[in-house]
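K.L.:
Okay, here's the structure, questions in a sec.
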Amino acid sequence: MKKLEIVEHLRKSHGIRGALAEFRVDERECMVSFKGPGYSADAFIDRETLKYKLTETSHGLIAVINDLHKGRDTGPGWSAVIDASAVFMTVVSLTGLVLLFYLKLRRRPGMVVVLVGAVVAAAAYFAFVP
């Protein structure tokens, strides 16, 4: 059997979702791995008998949200969404800072908040990132 036929058979027969992450072949068996947000499926196929064992794991809503947040096993489309939202939040933050400089009454308290936020973020980084 060809690789594409094997992958499509597994998808159709078992409703596997997620992207093909790995297809490994050795002299005795093939291993096919699928990954998606909060989901994984692994099939081990005996090359001689063509019998296989399939293991599907769904990790729940929190794992899906975590994987979406990190962009893990989500594909290029979701990565573009993450990048676009980061650019949007950066623009909103920078325009807020620009407005802060033009509003004389709010300038000093605003800069104090910016400074405190920067110190807290730096402290969290140094305390929690190895």
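K.L.:
What translational diffusion coefficient, in µm²/s and rounded to a whole number, does the Stokes-Einstein relation yield for segment 1-76 at 4 °C and a viscosity of 1.567 mPa s, taking the hydrodynamic radius as the Kirkwood radius over Cα pairs?
P.N.:
Details: Rh = 13.0 Å.
Once the numbers are plugged in, D ends up at 99 µm²/s.
K.L.:
Could you check which residue among Val112, Val98, Val87 shows the biggest mean-square fluctuation in a GNM of the chain with a 10 Å Cα cutoff?
P.N.:
Top of the fluctuation ranking is Val112.
K.L.:
Hey, another quick one. In whole percent, and with a 1.4 Å probe on the protein chains, what portion of the accessible area of the chain is carbon and sulfur?
P.N.:
65 percent
K.L.:
Counting only pairs 8 or more places apart or on different chains, how many lysine pairs in segment 5-112 have C-alpha atoms closer than 23 Å?
P.N.:
Details: Lys12/Lys35; Lys12/Lys51; Lys12/Lys53; Lys35/Lys51; Lys35/Lys53; Lys35/Lys70.
Lysine pairs meeting both conditions in segment 5-112 amount to 6.
K.L.:
Would you calculate the convex hull of the Cα atoms in the chain and tell me its volume per residue in Å³? Could the numbers behind the result be given before it?
P.N.:
Working: hull volume 19.4 nm³, N = 130.
Roughly 149 Å³ of hull volume per residue.
K.L.:
With the Cα gyration tensor of segment 83-130 in hand, give its eigenvalues times 5 under a square root as the equivalent ellipsoid semi-axes, listed largest first in whole angstrom. Provide the component values of the computation, followed by the final result.
P.N.:
Details: eigenvalues 112, 65, 4 Å².
Gyration-tensor ellipsoid for segment 83-130: 24, 18, 4 Å.
K.L.:
When the Karplus curve 6.51 cos²θ - 1.76 cosθ + 1.60 is applied with θ = phi - 60°, which whole-Hz ³J(HN,Hα) does each residue of segment 46-62 get, with x for Gly and Pro?
P.N.:
My calculation for segment 46-62 gives 6, 5, 6, 9, 6, 7, 9, 10, 10, 10, 10, 10, 10, 8, x, 4, 5 Hz in order.
K.L.:
For the chain, what is the accessible area per residue in Å² when the probe is 1.4 Å?
P.N.:
On the way: 10040 Å² over 130 residues.
Per-residue value: 77 Å².
The values are calculated or read from the model by the stated rules, or taken from the named source; none is laboratory data. The structure displayed is predicted, hence computed values, not measured ones. Surface areas here come from the heavy atoms of the whole protein model, side chains and all, with no ligands, DNA or RNA. Shrake-Rupley method; radii C 1.70, N 1.55, O 1.52, S 1.80 Å.
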